[in-house]
1. Reachable lysines from B:Lys13, Cα under 21 Å, same-chain residues fewer than 8 places away excluded?
2. Kindly compute the accessible surface that chains A and B hide from a 1.4 Å probe when together, both sides summed, and give it to the nearest 100 Å².
3. Starting from the Cα gyration tensor of segment A:143-201, take the square roots of the eigenvalues, sort them a ≥ b ≥ c, and report rounded, prolate or oblate (rounded when a/c is under 1.5, otherwise prolate if a/b is larger than b/c, else oblate).
4. How would B:Lys196, B:Lys13 line up by accessible area, probe 1.4 Å, largest first?
5. At a 1.4 Å probe, what is the % contribution of carbon and sulfur to the accessible area of segment A:21-124?
6. What residues have an amide H closer than 5 Å to that of B:Ala229, excluding those fewer than 5 places away on the same chain, when H is modeled at 1.01 Å from N in the peptide plane?
7. Which residues of segment A:98-116 show a drop of at least 40 Å² in accessible area when all protein chains are present, compared with their chain alone (probe radius 1.4 Å, heavy atoms only, ligands and nucleic acids excluded)?
8. Contact order normalised by length for segment B:103-151, with contacts defined as Cα pairs under 8 Å and 6 or more residues apart; what percent is it?
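The values are calculated or read from the model by the stated rules, or taken from the named source; none is laboratory data. Quick caveat, the model's predicted, so the values are computed rather than measured. Only protein heavy atoms, including side chains, enter the accessible area calculation; ligands, DNA and RNA are left aside. Shrake-Rupley method; radii C 1.70, N 1.55, O 1.52, S 1.80 Å.
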There are 2 protein chains.
Amino acid sequence: MGTTQLESVPEPKYWHLRTVLSEALDSEFSVGEILPNERDLAARFGVARATLRQALEQLELEGRLQRRRGVGTTVAPPRVGVAVGTGQHAWPGTDDDAWEPADCDLAAPPASVADALGTGREEPVHTVRRSRVSQGRPVAAELLYVPPAAVPGLTAIDAPSGPARARAVLRELQHGTLERRESAVELGSAGADDAKEFDRLPGAPVLVVTTRYLAEGRTAALSVATYRADTCRLTFGDSGDVEIHDGPQTRAS
Amino acid sequence: MGTTQLESVPEPKYWHLRTVLSEALDSEFSVGEILPNERDLAARFGVARATLRQALEQLELEGRLQRRRGVGTTVAPPRVGVAVGTGQHAWPGTDDDAWEPADCDLAAPPASVADALGTGREEPVHTVRRSRVSQGRPVAAELLYVPPAAVPGLTAIDAPSGPARARAVLRELQHGTLERRESAVELGSAGADDAKEFDRLPGAPVLVVTTRYLAEGRTAALSVATYRADTCRLTFGDSGDVEIHDGPQTRAS
């Protein structure tokens with residue numbers, strides 16, 4: 001890594017440093033390598049620690065670096081492509097579904113979910129928890145909300161809780177005729193539960209994918225899936241992958 | 001907003017404060033309202049300024065707050081849904097396209113783009129700049145890379161640069177037969193150009209949508225589109241909207 005002092009430039013200092021560091025990562029570091037500590041890096045580039053930290057945070061957002069407690073800052077591997085948009089007409093839990101059911105309970109959902117489902121705010125709905133693992137690591141967590149009206153045959157089944165109950169709810173849901181599904185992606189922050197599952201601190205950036213499953217003119221299920229933004233690229237389309245190895249910052253800076 | 005001191009809790013203090021603040025935003029503030037200054041807020045909740053700032057940053061990530069230079073911190077309007085996935089089989093620039101061509105030049109693209117296009121690293125490609133406006137504000141910027149081989153009829157057209165040239169490239173591209181398109185979404189940070197267009201500082205979080213257009217077995221065009229993560233939800237599917245009014249943090253925290 002070079003030792004050039006940064007000259008004064010019109011763009012913010014942390015942004016210029018980010019570009020210099022990014023080039024150094026390309027040319028001099030390999031995936032998994034631990035960076036020198038902040039004090040040494042700041043001294044080498046002649047910047048304040050606060051400036052250095054801002055630049056490191058940028059590179060973390062871009063998926064170039066990972067900061068892990070007890071390890072330090074390491075060069076991140078390329079993000080994993082995770083298919084999201086395939087099988088536009090499949091219910092959750094059908095054959096090639098990558099999600100693993102973990103649990104299920106019956107409880108009143110958050111008010112926003114009740115409104116989207118068109119159920120009353122105090123009305124309990126089935127809440128299926130599922131998780132998704134890629135290359136041995138949890139990359140996403142989902143809450144799938146299913147109103148009892150969408151699974152009318154369920155009460156007869158003898159599986160009060162756990163993965164068996166979750167699978168029973170999914171099976172019943174598939175008896176309906178799916179008309180279409182609609183998804184939205186936005187930036188969010190990991191809640192306490194997700195952060196624990198992802199081995200991150202609460203507030204770590206996540207990509208939140210909300211999917212509404214429509215059947216018989218109403219919302220039969222609503223999925224709120226939270227993907228780790230540091231390690232995931234969400235892919236849509238036929239084959240589901242677009243390879244851009246330099247990370248998202250391909251626009252000239 | 002309450003004045004209760006925060007009790008000691010097992011979760012990180014900023015995360016607990018974020019939850020308390022989020023509830024206060026729901027119950028006591030309206031969209032566009034300016035929050036009290038950091039010093040007053042920190043004093044009211046009995047936390048350090050650093051803790052307060054972390055909590056405000058979380059709420060900004062979640063799209064609940066906007067921090068604007070010279071104005072202060074305001075309560076954000078709900079994110080705007082921006083359709084991304086409709087017309088799986090349309091070329092860019094066809095009828096219902098929401099993008100406005102701004103400019104076009106012929107230059108060597110970033111190495112990662114050249115690799116994805118399968119062109120040589122020094123080989124110039126047409127680079128169309130387009131922007132997308134929603135409710136009167138720029139919400140996204142795109143660079144569309146088109147190799148000369150995908151627009152063989154272009155050289156005869158007399159429009160050396162500017163929007164006319166951009167439209168000419170798009171028109172020529174549409175003469176090919178689109179086989180399919182593939183997209184990926186990931187978290188990134190705004191480069192200097194995008195930040196300027198969005199009236200944000202460089203490094204502001206953005207959602208980067210990369211789309212590859214395939215024709216005759218090869219990549220005919222590659223789009224790298226950058227959406228403001230603070231104001232946009234990207235929607236996919238038939239009607240293209242899923243309304244969750246509480247923002248992405250619907251998972252119990």
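1. A:Lys196
2. On the way: alone 13810 and 13810 Å², together 22350 Å².
Chains A and B together bury approximately 5300 Å².
3. Details: a/c = 3.56, a/b = 1.52, b/c = 2.35.
Oblate is the answer for segment A:143-201, as a/c is 1.5 or above yet b/c matches or exceeds a/b.
4. Values: B:Lys196 175, B:Lys13 105 Å².
Of B:Lys196, B:Lys13, the descending order of accessible area is B:Lys196, B:Lys13.
5. Working: 2450 of 5260 Å².
Summing carbon and sulfur atoms, their accessible area is 46 percent of the total for segment A:21-124.
6. Answer set, sorted by chain and number: B:Val206, B:Leu207.
7. A:Ser112
8. Working: 77 pairs, mean separation 16.5, N = 49.
Once divided by the residue count of segment B:103-151, the mean separation gives 34 percent.
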